[in-house]
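Peer 1: After the structure tokens below, expect a handful of questions from me.
The values are calculated or read from the model by the stated rules, or taken from the named source; none is laboratory data. In this text the structure is predicted, and so the values were computed from the model without any measurement. Here the Cβ is made from the backbone with ideal geometry for all residues, glycine too, and neighbour counts use every protein chain on show.
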Amino acid sequence: MFAAECYDGSKITGLAALVAGGPAFMTIPAKYENGVFRPLEDVAIKEGTLVQVNVPAEGELGSKRRSIKDLPFYGMWADRDDIIDGVSYVNALRNNPRG
């Protein structure tokens, strides 16, 4: 069983605590009502545990996954004549690994 320490020194266990070499983070869907964040599912932490809430920017919640074409590195080899497409380039490297 994995365990991690929260801000107030309490422990959480399970997969939520498994973060390579760092503090444990859990994403918990919650609804903000009457000044209180209420989790929409069971949460495995001790009552009274101090937590940090990160609220996504307006309209960000529920947005679709970004396309790879939106990432800054997309097309960075577009001007290379020796790379026609990724698959054939990798296959050529595998067939002749020492160049």
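Peer 1: Out of Ser63, Ser67, report the one residue that is loosely packed, with under 10 Cβ neighbours inside 10 Å, at pLDDT below 80, under 16 Å from the mean Cα position of the chain (by Cα) and among the polar types (S, T, N, Q). Step through it out loud before you land on a result.
Peer 2: Values: Ser67 fails: at pLDDT below 80.
Only one candidate passes the filter, namely Ser63.
Peer 1: Moving on to the next point. Tell me, which strands (runs of 3 or more DSSP E) lie completely within region 5-57 with 1 or more residues that are loosely packed, with under 11 Cβ neighbours inside 10 Å and modelled with pLDDT of 85 or more? I'd like the intermediate steps shown before the answer.
Peer 2: Details: elements: 11-13, 30-33, 36-39.
Once the strands (runs of 3 or more DSSP E) in region 5-57 are filtered for at least 1 residues that are loosely packed, with under 11 Cβ neighbours inside 10 Å and modelled with pLDDT of 85 or more, what remains is 30-33, 36-39.
Peer 1: Restricting to region 79-99, name every residue that is in a loop (DSSP other than H, G, I, E, B) and surrounded by 10 or more Cβ atoms within 10 Å (Cβ to Cβ). Give the derivation first.
Peer 2: Our first condition is that a residue be in a loop (DSSP other than H, G, I, E, B); within region 79-99, this holds for 79-85, 96-99.
Scanning region 79-99 gives Ile83, Ile84.
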